[in-house]
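Let me begin by presenting the structure, written as structure tokens, before commenting on it.
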Amino acid sequence: MVTGAYKPRNPKASALYRCVQDHFAEFETLYAERYQEQYGFYRPVIGRVVEKFLGCGDLTKGFARVRCDTCHHEYLLALTLTSYCTSSVRAGTMA
């Protein structure tokens, strides 16, 4: 059952995306001074995950070409953070 046309999301329009984009570099810089004593050392995996989050939905970071077998309409679908296999996410790479 088709419920409507696919509408791609725009992750860059979200408040969370803008907050992370605008403030994460400062957070990394100040982590040792402000948060390390309470939360422990800064793990590099945090920066890798944030980088993937910021690249989520960006066509330049990867996409799939989707084609309808019936009408032959095609469009590009940007990959999301969860689109990548778990082994590449854990390894900190995107294929």
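Observations
- Annotation: extensible slack from PHE41 through GLU26 equals 3.8 nm (criterion: 0.36 nm per residue apart, minus Cα-Cα distance).
- Proxy reagent accessibility, fewest Cβ within 10 Å first, across LYS52, LYS7, LYS12: LYS7, LYS12, LYS52
- Alpha-carbon Debye profile of segment 11-91, log10 I(q)/I(0) at 0.14, 0.16, 0.27 Å⁻¹: -0.63, -0.75, -1.24
- Distant-in-sequence amide contacts of PHE63, defined by a placed amide H-H separation under 5 Å and a gap of 5 or more residues or a different chain, comprise LEU79.
- Net charge in the neighbourhood of TYR31 (other residues with Cβ under 13 Å of its Cβ; Lys, Arg +1, Asp, Glu -1) is -2.
- Potential lengthening between LEU16 and GLU33 on full extension [0.36 nm per residue; Cα-Cα distance subtracted]: 3.7 nm
- Rounded to whole numbers, the Karplus 3J(HN,Hα) couplings from phi for segment 52-58 are 5, 4, 5, x, 4, x, 8 Hz, using 6.51 cos²θ - 1.76 cosθ + 1.60 with θ = phi - 60°, and x at Gly and Pro.
- In this structure the amide hydrogen of TYR42, modeled in the peptide plane, comes within under 5 Å of no amide hydrogen from residues 5 or more places off or on another chain.
Every number here is computed from the coordinates shown, using simple stated rules; none is lab data. It should be emphasised that the depicted structure is a prediction, and the values quoted were computed from it without experimental measurement. Note that we place each Cβ from the backbone using ideal geometry, even for glycine, and neighbour counts take in every protein chain shown.
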